[in-house]
Structure formats: structure tokens, C-alpha cells
Amino acid sequence: MSTSAEPRVSGLEVRSIDYVPLDERHGKLWHLGPLWFMSNATIATLAVGLISITEGGNLIWSLLAIVAGTVIGTFFMAFHSAQGPQLGLPQMIQSRPQFGYVGALLVWLFAYVQYAGFNVFNTILTADALHTTVHGSVKLWVVVVTVVALVIALVGYDVIHKAEQILTYAFLVIFGVFTVGVLVYLHYPAGSFDLGGFQWTPFLAQFGVVAGYQISWAIYVSDYSRYLPPNVTVRKTFYWTYFGSALGGIWLMVLGALLAAWAGKNFETIASINAAGDKVFSGFGAIVLLFAALGLISVTALNMYGGSLTLISAIDSVRRVRPTLGVRLLTIGFTAALSLVGALAATANFLENFNNFLLLVLYLFIPWTAVNLMDYYVVRRGHYAVAEIFNPHGIYGRWGWHGIISYLVGFAVMIPFFSVGTLYTGPAATALGGADISLFIGLPVSAGLYWWLTRSIDVEAEAALAEEEAEALEQAAHRHLEPDAGA
């Protein structure tokens, strides 16, 4: 569905955490499909599919764990996507109604750490791919990748959508051929497809990491749907996001499991992709890696873009800021610099512990996604006074104790079920042979507790206030575009 005929703003994107007025809404609903497909269809995602194989699981059960984890994890992130067109806001600023104007800093801190962690991993992986194919210093490539991603993030929303659409078409050709090669030319160990080789621990480890990886996208999704008009349906927004992300995720994670099973102990992400590609024809591995580098650069730009929005939200909770272009440029630049320093300083141990990082992300965002979705779809049913989200003394308060308590309790009850490699194994996980089922504990506890604590919220009064403030909200949004027009 298209939007109004209002022309897009050319040049650098101006808006950040502020509300997108109705006459600036644009784009088509199907654009969400290639964006989320290509965001997941990277070799960083491929690395997520290795866990079960490296822990001794056989191939068939690894593949089933990947599919199951993707199906469940993507379910939650896709429901967040529908919030964007309805509210006209980026994702993390929407945490204020649940956690409060200041209290939302709790989840924003975790979100920013996630953006930084993924960017360090993505940047190093991209630099290694370019070093293998084009040669040159890895550190030099880290700088080049960071600068290119920075430019994309600065231009913003529209160029990110367009880049992901172009990359999707190229991916289908290049990785389509590569996938056929992996299926036809590679040979797998005996017993790889034996259904009798089921083991709980590697299966649940793979399932948990995959689900966590998909849920980790939940903090991004409204950022890239907030310019769509509010008359797009929740169901269609969900479908385009869900199937785009799920298909991209399953495709690359399955490739990761297949490559790990084929290469065995000799598996190294870049080297194994290169070797497998060359089995199709000499030099094809380099083509795959070069294209993969482009995909990783686009995801690095997404992380800078989202990291900037989160950082502006955090600053605004401490000291009110006007979300101008200058603030946006400053925060994207700072996020890029942090990514660059982290990538240049990272050691091999960081790459080896990426699995643990993914699990920690899962643990931190399970209670948040439960609270946010329960609030949006059940408690307030999509009705928010958007102007009050930017009011430090508004109806949502400075500290949203309902959300904070639900988050902390949900996280606490998960701790005994944690199983984070050599870092920590909780007593419940130990009793289950190292199996991690914390996802199934934290989600219902946080969601159920939040629902119980918020039964007294007067949703009708909030909806009435939203309607009363709607015209002023639109006018304020336009004053942001024309700062000389008045405060």
C-alpha cells in the first residue's frame, strides 16, 4: 500500500526518535519483506547455525532445531513491527509507557550493548571476508567498512530500504547457486540424517540461540516500519516482516549447519565458505564472500541507525533534547566510532564467545518483549497518547514500576535455567543435563505478571487523551521540520 502524495524529504533523514506526521508517511508494505530477509540473510546469521554441530549434535536434529527456533523467535519480533505504522515511532522509545520516562533506560542500556556487540562481530567478519578476497590489512578494511556503513546510516531510512531490496535480488542468484553447490558437492558424515541420534542438550542449545537471535531483532523492527501509513493492517505488517525474517534466517542458519557438518573440526566461517564455493567453480567462493561483505555492511548500517535512536532516547530521558539533524549526526557518529574501536580491539576470544553473547541477548530481551507485546496487544490494545511519551511529567510517569517489576521478576526466574557454555549453568539447567529452557519460563512469567499488575489502567481515558492531543502532535512534528516557525 502506498502513502499520501506528499514528496519524501531528500538528502539526509531528519527524524530520529520523534513522531512521524501523517503527511510524511510513505513506502509500500512489501518493502518490509526484502528488508528483513536481507537483514537476516548474512554470514553473521550463518554462524548462528553452528551451535548444535559444534556441541556434538547430528545434522538432521540441528536443522530441526534451527527451524523450530526461527519459527518461534520470529513470531515475537514480527509483532513488534506492526507497532511502527500505528504509532509513527521507532521501537525503543515505545518502552516508556511500560517502563517510564526514566525507567526505560534499563532496557535501552541493554539494547545499546547489543547494537555494539553485533557491530563488532559484523565488522570483523566483513573485514576478514575482504582480506581473503581482495587482500589488504584487516584493520584497514575494518575502517573502510565502518565508514561506508556510517554513510548509509546517515542518509537513513529510505536508502536502507532501497539497498536491502537490491541486495535481496542479488542474494537470490548468488546464494541460490551457492546453496545448490553445498547440497550437491559436499559430503556429510555417516549418521548425519539419523533421527535416532537425538540429544537434548545440543538441540536446545541450538534452539535457544536461534530463538534469541530472532528475538534480538525485536528492538529494530518499528524503526523500519514507522514511516508507513497507519491504515496498513497489523496482520499484513506482521506477515511481511515474519516471512522475510524467517526465510532469511532459516536459509543462512541451515547453510551454517551444513558447512559445519561437512568441514568438521576444520570449520572456519570465511575459509569454509570460500572452499565450498570453489567446489561449484574456481573463484566462486570469492564471489560469495564479496557479496556477503556487502550484506554485512548493510546490517552494520542498521545497527548504527538503531543504536543512534536508542542513544538519543537515553539522553532525552536524562536531559531533554530536541531531536534535530545535528543530534542525529552526532549520535550516529559516536555509535560508529564505538563500533570501530571495538572491532579494532577485539580478540579471537570475542569471536569464539559469540554464542555466549547471543544467549545473553536472549536472556535480556525475553522479559522486555513479553512486557512490550502484552502492553501493546492486550493491555492498551494499541491505544497510546503518543505526545505523552515525550512528556517527562506525563501520564506514563518517570518510573513504570509495573514494567520494571515484571521485567526483573521474569529475568530472575530464568536464572536457574540459564546454560551459557563455560560461563554459567544454573541448577535447573544442570538437572536437565545442560538443556536451556529459560525462554519458556521468562516469557509467560513477565507477560502474565505485567497483565496482572496493569488491570487498573484506564485505557479509555488514555485513548481520549490521545485523540485530544492528536492535532497538536501533528503540528509539533511539523515545527521540528521548520524550526524557525516557532517553538
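Observations
- Nonpolar atom fraction for segment 126-270, defined as the carbon and sulfur part of the 1.4 Å probe accessible area, stands at 71 percent.
- Relative contact order %, the chain, counting alpha carbon pairs below 8 Å whose residues are six or more apart: 29
- In the full protein context, the chain carries 39 Å² of accessible surface per residue, based on a 1.4 Å probe and ignoring ligands, DNA and RNA.
- Placing a label point 7 Å from the Cα of L183 along the Cα-to-Cβ direction, the residues of segment 241-267 with a backbone N closer than 20 Å are 244-263.
- Relative contact order computed over segment 253-340 (Cα-Cα under 8 Å; 6+ residues apart), in percent: 18
- The slack between W399 and V102, meaning 0.36 nm per residue of separation minus the straight C-alpha distance, is 106.3 nm.
- Distant-in-sequence amide H partners of T425 (H built 1.01 Å from N, under 5 Å): V420
- Per residue, the chain reaches -22000 deg cm²/dmol at 222 nm when only DSSP H runs of four or more residues are counted, each adding -39500 (n - 2.57).
- Each part reduced to its alpha carbon centroid, segment 187-243 and segment 455-478 end up 34 Å apart.
- Per-residue packing, averaged as other Cβ atoms within 10 Å, sorts the ranges 394-406, 178-190 into the order 394-406, 178-190, beginning with the highest.
- Inter-site label distance for A461 and K265 at 7 Å from Cα along Cβ, in nm: 6.8
- Accessible surface of segment 22-106, 1.4 Å probe, proportion on carbon and sulfur as whole %: 75
- The phi torsions of segment 83-97, fed into the Karplus equation with coefficients 6.51, -1.76 and 1.60 and a -60° offset, translate into couplings of 6, x, x, 6, 9, x, 10, x, 5, 6, 5, 6, 6, 4, x Hz, rounded to whole numbers, with Gly and Pro shown as x.
- Residue-wise HN-Hα coupling along segment 190-202, computed from phi with Karplus coefficients 6.51, -1.76, 1.60 (Hz; x: Gly, Pro): 4, x, 4, 10, 8, 5, x, x, 5, 9, 4, 4, x
- With the Kirkwood sum run over all distinct C-alpha pairs, segment 267-426 has a hydrodynamic radius of 19.9 Å.
- The percentage of C-alpha pairs in the chain whose separation is greater than 36 Å is 28%.
- Segment 411-474, accessible surface, carbon-and-sulfur percent (1.4 angstrom probe): 66
- The alpha-carbon positions of segment 365-431 define a convex hull whose volume is 110 Å³ per residue.
- ³J(HN,Hα), Karplus 6.51/-1.76/1.60, whole Hz, each residue of segment 453-466, x for Gly, Pro: 6, 9, 5, 8, 5, 8, 5, 5, 5, 5, 5, 5, 5, 4
- Rg [Å, one decimal], Dmax [Å, integer] - segment 23-121, C-alpha atoms: 17.1, 55
- The Rg/Rh ratio of segment 71-162, with Rg taken over Cα atoms and Rh as the Kirkwood radius over Cα pairs, comes to 1.07.
- For the peptides 460-471, 140-151, 46-57, the ranking by packing is 46-57, 140-151, 460-471, with the highest mean count of neighbouring Cβ atoms within 10 Å listed first.
- Peptide packing: for 359-368, 374-383, the average count of neighbouring Cβ atoms within 10 Å per residue gives the ranking 359-368, 374-383, highest mean first.
The values are calculated or read from the model by the stated rules, or taken from the named source; none is laboratory data. Here the structure is a predicted model, which is why all the values come from computation and not from measurement. Heads up, the Cβs are rebuilt from the backbone with ideal geometry, glycines too, and the neighbour counts pull from every protein chain shown. Heavy atoms of the whole protein, side chains included, go into the accessibility calculation; ligands, DNA and RNA do not. Shrake-Rupley method; radii C 1.70, N 1.55, O 1.52, S 1.80 Å.
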